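J.: So that we are looking at the same thing, I have put the structure below in structure tokens.
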Amino acid sequence: MSQWPATKAKRVLAALLCIGWEIKRQSGSHRTLFRSGWPDFVFAFHDGEEIGPRMLARISKHTGLNPNDL
């Protein structure tokens, strides 16, 4: 079983902002996030959208997000 629970995009974005990511710019639902020492990351989800465990694992590889951060 995956260590990642399915989570709403709004909660994932809030967790990313808490661990140091900042919104650089936004165009519709596409938000470009930046953090010192990391390449920019495009977060392209609507707030109410459910993000599954596999996608959360991919996001964590690019952002350093942990299951405990949610």
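J.: So for the chain, averaging the separation of alpha carbon pairs under 8 Å that are six or more residues apart and normalising by length, what relative contact order in percent results?
T.: Relative contact order for the chain comes out at 41 percent.
J.: In the chain, carbon and sulfur make up what percent of the accessible area (probe 1.4 Å)?
T.: 51 percent
J.: Under a Cβ-only charge scheme (Lys and Arg +1, Asp and Glu -1), can you give me the dipole magnitude of the chain about the Cα centre, in debye to the nearest 20? Before the final figure, lay out the partial values.
T.: Values: 10 positive and 6 negative charges, 20 e Å.
Dipole magnitude for the chain comes out near 100 debye.
J.: May I ask you to evaluate 6.51 cos²θ - 1.76 cosθ + 1.60, the Karplus curve with θ = phi - 60°, for each residue of the stretch 45-61 and list the ³J(HN,Hα) values in order in whole Hz, giving x for glycine and proline?
T.: 3J(HN,Hα) across the stretch 45-61, in whole Hz: 10, 6, 4, x, 6, 8, 10, x, x, 5, 5, 4, 5, 5, 4, 5, 5.
J.: Counting each DSSP H run of 4 or more residues in the chain as -39500 (n - 2.57), what helix-only mean residue ellipticity at 222 nm follows after dividing by all residues, to the nearest 500 deg cm²/dmol?
T.: -9000 deg cm²/dmol
J.: Restricting attention to the chain, which GluC sites (Glu not before Pro) occupy a DSSP loop and are surrounded by at most 14 other Cβ atoms within 10 Å? Present the calculation step by step, with values, prior to reporting the outcome.
T.: Values: sites: Glu22, Glu49, Glu50; in loops: Glu49.
Filter output for the chain: Glu49.
J.: Here are several values of mean projected area of the Cα convex hull in nm²: (i) 5.4; (ii) 7.9; (iii) 4.3. Which one was derived from the coordinates shown?
T.: Checked against the structure: label (iii).
J.: Continuing with the same structure: Compute the accessible area per residue over the chain, keeping the other protein chains in place, probe 1.4 Å, unit Å².
T.: Accessible area per residue: 65 Å².
J.: Right, another one. Using the Karplus curve 6.51 cos²θ - 1.76 cosθ + 1.60 with θ = phi - 60°, what ³J(HN,Hα) values do you get for each residue of the stretch 18-29, in whole Hz, with x for Gly and Pro?
T.: 5, 8, x, 6, 10, 7, 7, 7, 9, 9, x, 8
The values are calculated or read from the model by the stated rules, or taken from the named source; none is laboratory data. Bear in mind that the values here come from a model prediction, so they are computed numbers and not experimental data. With ideal geometry, Cβ positions are generated from the backbone for all residues, glycine too; neighbour counts draw on all protein chains shown. Ligands, DNA and RNA are excluded from the accessible area calculation, which covers all protein heavy atoms including side chains. Shrake-Rupley method; radii C 1.70, N 1.55, O 1.52, S 1.80 Å.
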